[in-house]
Amino acid sequence: AQRVTQPEKLLSVFKGAPVELKCNYSYSGSPELFWYVQYSRQRLQLLLRHISRESIKGFTADLNKGETSFHLKKPFAQEEDSAMYYCALKQRRYGGSQGNLIFGKGTKLSVKP
Amino acid sequence: GAGVSQTPSNKVTEKGKYVELRCDPISGHTALYWYRQSLGQGPEFLIYFQGTGAADDSGLPNDRFFAVRPEGSVSTLKIQRTERGDSAVYLCASSLLGPANTEAFFGQGTRLTVV
């Protein structure tokens, strides 16, 4: 079954501490993975995707196919990073690059001053 | 508009009533998705439109749920005989179609409460 698991509901760190939000997936094909973020009272927005191999707001995520993981990392957390983070897997269908997203349950990151 | 717009932002309805939730996607976005997010959960896929047609409705929970997109732009999610278990935030997302990986942009959602 295709599935995304985020084992932590809540992660609380102090400002300046490193952060790692865990994400594991189960997918039979070649996975396409994303991290979405939802700040307080804002809409869900894309943070980064594995295919771009980019760093956004200091966050990075590396796809590890051996461990079926896509953990989100940041070396020094900031208070403005406090938000809900969702890992998502694209369920590719329709013969192309389109597909719906399968989301994990989300991790609430709280960065304390 | 600049982004995906969903109306109403909040809807309270009585059990057994019919509701319609509207999604206005980003202009030019051919792909449109509906998701449902229950408390403490991530969004769950309901239905996908490519243009006017529902390309995949496998996520609709039962036949009380239906969605249309008659002109390939605005979409309406319709729920008949609402039940308390339908209470959730309903999210709409739109994206371009194409061979490249395209980002899905989400609306603010409609919070549906069935009392």
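The values are calculated or read from the model by the stated rules, or taken from the named source; none is laboratory data. The structure presented is a predicted model; accordingly, all values stated were derived computationally and were not measured. Cβ placement follows ideal geometry from the backbone for every residue including glycine, while neighbour counts extend to all protein chains displayed. All accessible areas refer to the heavy atoms of the entire protein, side chains included, with ligands and DNA or RNA removed. Shrake-Rupley method; radii C 1.70, N 1.55, O 1.52, S 1.80 Å.
For chain A, calculate the relative contact order in percent as a whole number, restricting contacts to Cα pairs under 8 Å that are 6 or more residues apart. Intermediate values should be presented prior to the final figure.
Details: 268 pairs, mean separation 41.7, N = 113.
Relative contact order here is 37 percent.
Seen from all sides and averaged, what is the projected area of the convex hull of the Cα atoms in region A:3-112, in nm²? Computed as one quarter of the Cα hull surface, the answer is 6.8 nm².
What whole-number value in Å² describes the accessible area per residue of the protein assembly as shown for a 1.4 Å probe? Before the final figure, lay out each step's value.
On the way: 11120 Å² over 228 residues.
Using a 1.4 Å probe on heavy atoms only, each residue of the protein assembly as shown averages 49 Å².
In a simple Cβ point-charge model (Lys, Arg +1; Asp, Glu -1; nothing else charged), chain A has a dipole of about 280 debye relative to its Cα centre.
Placing +1 on the Cβ of every Lys and Arg and -1 on the Cβ of every Asp and Glu, with no other charges, gives the protein assembly as shown a dipole of roughly 400 debye about its Cα centre.
Its Cα centre serving as origin, region B:19-95 has a Cβ charge dipole (Lys and Arg +1, Asp and Glu -1) of approximately 140 debye.
The distance from the alpha carbon centre of region A:40-98 to that of region B:1-74 is 24 Å, rounded to a whole number. Once every Cα of the protein assembly as shown carries one equal point scatterer and solvent is ignored, give the base-10 log of I(q)/I(0) from the Debye formula at q = 0.09, 0.10, 0.16 Å⁻¹, two decimals. Values, matching the q order: -0.37, -0.46, -1.14.
The 3J(HN,Hα) values that the Karplus relation (6.51, -1.76, 1.60; θ = phi - 60°) gives for region B:16-26 are, in residue order, x, 7, 9, 10, 10, 10, 10, 10, 10, x, 5 Hz. Gly and Pro appear as x.
DSSP loop chymotrypsin sites (Phe, Trp or Tyr not before Pro) in region A:11-113 with at most 13 other Cβ atoms within 10 Å of their Cβ, which ones? Mind dumping the intermediate values first?
On the way: sites: A:14, A:25, A:27, A:34, A:35, A:36, A:39, A:59, A:70, A:76, A:85, A:86, A:94, A:103; in loops: A:27, A:39, A:70, A:76, A:94.
Passing sites in region A:11-113 are A:39, A:76.
Charge tally around residue A:8: other residues with Cβ under 13 Å, Lys/Arg +1 each, Asp/Glu -1 each, net +3. Remark: spin-label model distance residue B:97-residue A:64 equals 3.9 nm, labels positioned 7 Å along the Cα→Cβ axis.
Taking chain A as a Gaussian network of alpha-carbon nodes connected by springs under 10 Å, the highest mean-square fluctuation of the residues A:92, A:43, A:53 belongs to A:43. Selection among B:41, A:1, B:58 by position relative to the dipole of the protein assembly as shown gives B:41 as farthest towards the positive end (Cβ unit charges, Cα centre). DSSP assigns beta bridges within chain B; of those with both partners inside it, close to 90 percent run antiparallel.
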